[in-house]
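**Student:** The structure is given below, and queries will be raised subsequently.
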Amino acid sequence: MEKFASWTGFFNDTIYTWILIPLLLIVGVLYTVQLKCGQFTHLKHVLKLLTEPAKEQQNGEKGISPFKAFTISAASHIGTGNIVGVAGAIAAGGPGAVFWMWVIALIGGASSFVENTLGQIFKEKNSDGTFRGGPAYYMTHALGLPKLGIVFSIVISVVYGFMFNSIQANTIASAFSNSYGVKEYVVGAVLIVVVALVIFGGVRRIADVTSLLVPFMAIAYMGLALLIIFKNITLVPSMFAIIFRSAFSLQAVAGGTLGAAILNGVRRGLFSNEAGMGAVPNASSTADVTHPAKQGLIQALGVYMDTILVCSATAFIIILAGQEVYMDPNLKGIAITQTALAHEVGPWAHTFLTFCVLMFAFSSVIGNYYYGENNIQHLGWGKTALNFYRVLVLGMVFVGCVADFSIVWDTGDIFMGIMATINLVVLIKLGKIAIEAYQDYFSQLKSGKEPEFHISNLKTLKGLEDKIGCWKK
């Protein structure tokens, strides 16, 4: 077992440090240049797009709105990593890791725009009027590689539906066991009932739940962070000074090196918002919009909400608590955040964080599950297979509550790394389609039109007209 854990750790370090992170950076910079930083210069316009109704709703048919599709993806990637992962990044790389986390989020928005716009262009329509799409769909339709799409669908269904959901469930059970002494199997039994009520309702119920849960949990957590910031307002300038000094000094403030600050900040930024990794388009493709670039821009906003807002909130809480907290060798992961919160607001912070973990992890279970459902549908195995998949997901949620899944987490990271690498290579090949869609969208907007997508407007889609059935008039 120890030998296996050592091997997976080595393999993860190799994949992420020498393959995945460089690829993510290359793709992010490449499309930031081609978009001319448009992924973050149009944020005011994007906020207006979030309030638009689903396109089909205007014609009496009910679709998934851009906001609800956005919350499905946010439910998945705004998880316990925003609490635990940020604490670990600061402990390992110092406060400077936060700066590099911001940098990678800014360029990650471009990768997110490209993959989510592609997901929208090559999505398919369900019999009930909703949509489904994602990397497996644009690998099949745009690249003409259905076997690659099948491999991607199987990997993401297993990694997110089984492995990552078991870890999220384990986090919930551990939090309630440690805080209130509730038995893990009791937490597991309650959790699978609640999760079943949501996932057996299909994408509409998932969207309805996440559209209520995500704003609530984000506002609650951000509200406490703002309270702590205002309480320590005189320390805020020095907090930012520590972040920037640590980001560029050869010796990081917390005792790590400059390389540790960069590596940990980059990893946390990349893996918290999942930009370019092939997961989010599975949710964003459900949106019913008039132009694919709309949802691409909205999902770029999701990168900033996750990393610039939620991850930064955790970072500020920890740094304001002082070096004695994030440099304490006896504190790891969530214990760092707990101690920092207790330092600022008292012992009730422990209870607050327990319920934050519950909301963040539960929303991730739902969002992760939908990634799997979407890809099971792509495989075309039918309703029986989908229901069987749902039962297996519930089983893994329960097992995750009562078992130690550290090795499953490491194994899941390996497969996610492989999945993300495949998607990033595909984005390099197909990104020109999304860039042309971006140009078409803003060209229509500047001419005073309400942008609508027409296949004939994009030269890069020549020869692919038959693969984009849901956009045909």
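**Student:** Over 25 Å between Cα atoms: which of 68/231; 68/123; 48/383 fall into that group?
**Tutor:** In this structure, 68/231; 48/383 lie more than 25 Å apart at Cα.
**Student:** Answer with one residue from 188, 244, 88: the one whose Cα lies farthest towards the positive end of the charge dipole of the chain, charges on Cβ with Lys, Arg +1 and Asp, Glu -1.
**Tutor:** 244
**Student:** So what's the angle, to the nearest 10 degrees on a 0 to 90 scale, between helix 334-345 and the longest Cα principal axis of the chain?
**Tutor:** 70
**Student:** Give the accessible area for residue 205 in Å² (nearest 10); use a 1.4 Å probe, count only protein heavy atoms, and leave out ligands, DNA and RNA.
**Tutor:** Solvent-accessible area, nearest 10 Å²: 110 Å².
**Student:** If I take R0 = 22 Å and measure r between the Cβ atoms of residue 37 and residue 126 in this structure, what FRET efficiency does the formula 1/(1 + (r/R0)^6) give, to the nearest 0.05? Provide the component values of the computation, followed by the final result.
**Tutor:** On the way: r = 36 Å, r/R0 = 1.62.
The pair residue 37/residue 126 has a calculated efficiency of 0.05.
**Student:** Taking the 0 to 90 degree range and rounding to the nearest ten, how far is the long axis of helix 184-199 tilted relative to the main principal axis of the chain, both from C-alpha atoms?
**Tutor:** Approximately 20 degrees, to the nearest 10.
**Student:** Further, regarding this structure: Tabulate in residue order the Karplus-calculated ³J(HN,Hα) for the stretch 129-142, using 6.51 cos²θ - 1.76 cosθ + 1.60 with θ = phi - 60°, rounded to whole Hz; enter x for Gly and Pro.
**Tutor:** Working through the residues one at a time gives x, 7, 10, 9, x, x, x, 4, 6, 7, 5, 6, 7, 7 Hz.
**Student:** Can you tell me, using C-alpha contacts under 8 Å and at least 6 residues apart, the relative contact order of the chain as a whole percent?
**Tutor:** Once divided by the residue count of the chain, the mean separation gives 34 percent.
**Student:** Here's another thing I want to ask about it. Anything over 25 Å Cα to Cα? Flag those among 125/462; 125/446; 446/467; 36/446; 294/429, in the order listed.
**Tutor:** Numbers: 125/462 21 Å; 125/446 30 Å; 446/467 29 Å; 36/446 16 Å; 294/429 21 Å.
Listed pairs above 25 Å: 125/446; 446/467.
**Student:** Which ³J(HN,Hα) values in Hz, rounded to whole numbers, follow from the phi angles of the stretch 113-125 under the Karplus curve 6.51 cos²θ - 1.76 cosθ + 1.60, where θ = phi - 60° and Gly and Pro get x?
**Tutor:** Each residue's phi maps through the Karplus curve to give 4, 5, 5, 6, 5, 4, x, 5, 4, 9, 6, 10, 9 Hz.
**Student:** Next question. Before anything else, pin down the relative contact order of the stretch 103-256: Cα pairs under 8 Å, at least 6 apart, normalised by residue count, whole percent.
**Tutor:** 7
**Student:** Can you compute the modelled spin-label distance between residue 239 and residue 18, with each label point 7 Å from Cα toward Cβ, in nm?
**Tutor:** 3.9
**Student:** While we're on this one: Take peptides 377-386, 300-309 and line them up by average Cβ neighbours within 10 Å, highest first, as a rough protection proxy.
**Tutor:** 300-309, 377-386
**Student:** Can you give me the C-alpha center-to-center distance between the stretch 109-125 and the stretch 304-347, rounded to a whole angstrom?
**Tutor:** If we compute the Cα centre of each part, the gap is 34 Å.
**Student:** When you count, for each residue, the other Cβ atoms within 10 Å and take the mean per peptide, how do 286-299, 234-247 rank with the highest first?
**Tutor:** Result, highest mean first: 286-299, 234-247.
**Student:** Going by alpha carbons, how many degrees (0 to 90, nearest 10) lie between the helix axis of 21-34 and the longest principal axis of the chain?
**Tutor:** 50
**Student:** Separate question: What is the Cα centroid distance between the stretch 129-189 and the stretch 426-473, reported in whole angstrom?
**Tutor:** The distance from the Cα centre of the stretch 129-189 to that of the stretch 426-473 comes to 30 Å.
The values are calculated or read from the model by the stated rules, or taken from the named source; none is laboratory data. Just so we're clear, the structure is a prediction, and the values are computed from it rather than from any experiment. Note that each Cβ is placed from the backbone with ideal geometry, even for glycine, and that neighbours are counted across all protein chains shown. Accessible surface areas use protein heavy atoms only, side chains included; no ligands, DNA or RNA. Shrake-Rupley method; radii C 1.70, N 1.55, O 1.52, S 1.80 Å.
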